[in-house]
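Notes for the one structure printed next.
The values are calculated or read from the model by the stated rules, or taken from the named source; none is laboratory data. On a predicted model such as this, the values are computed, not experimentally measured, just so you know. Backbone-built Cβ (ideal geometry, glycine too); neighbour counts: all protein chains shown. Areas reflect the complete protein model, heavy atoms only, side chains present, ligands, DNA and RNA absent. Shrake-Rupley method; radii C 1.70, N 1.55, O 1.52, S 1.80 Å.
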Amino acid sequence: MAQVGKRYIAASGAELIVTKGGDGTLQDGDTTLNLKEDGLPATGGAGGDVALGKRYASGDGSVEVLCIKPGACDLKYNGDKMELMQPKVLPSAD
């Protein structure tokens, strides 16, 4: 379960914090991400990278995470690749 406010860690050391939670599991490739307090997982997918300060969302939008430490991570939620979220465009204050 992806719990809001919890920090998850990939084998590469990349860290993510859940900003919108759900009932599924966060994964690095086929390996489930561990809670930070549980330590590094033994192996990981490392098929992509997560960037510092970027937000990622599941395909259905039910789960969102924020990268707080970059690294190699093939980020997935329930086996489906998570996508980089685009920043919201705000109206100008003219």
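Things to note:
- For the chain, the solvent-accessible area with a 1.4 angstrom probe is 58 square angstrom per residue.
- In order along the range 52-60, phi translates into HN-Hα couplings of 4, x, 8, 9, 10, 10, 5, x, 8 Hz, rounded to whole numbers, per the Karplus curve 6.51 cos²θ - 1.76 cosθ + 1.60 with θ = phi - 60° and x for Gly and Pro.
- Residue among Met85, Ala72, Gly48 farthest towards the positive dipole end of the range 45-94, charges placed on Cβ: Ala72
- When Thr19, Thr31 are compared by accessible area of protein heavy atoms, the largest-first order is Thr19, Thr31, using a 1.4 Å probe.
- Shape call, the range 1-41: gyration tensor on alpha carbons, a/c limit 1.5: oblate
- Calculated from backbone phi, Karplus (6.51, -1.76, 1.60) coupling profile of the range 77-85 in Hz, x at Gly/Pro: 10, 6, x, 9, 4, 8, 9, 5, 7
- Apportionment of accessible area to carbon and sulfur, the chain, percent (1.4 Å): 51
- Rounded, prolate or oblate (a/c below 1.5 giving rounded, otherwise prolate when a/b exceeds b/c) for the chain by Cα gyration tensor: prolate
- In a reduced charge model with +1 at each Lys and Arg Cβ and -1 at each Asp and Glu Cβ, the chain shows a dipole moment near 240 debye about its Cα centre.
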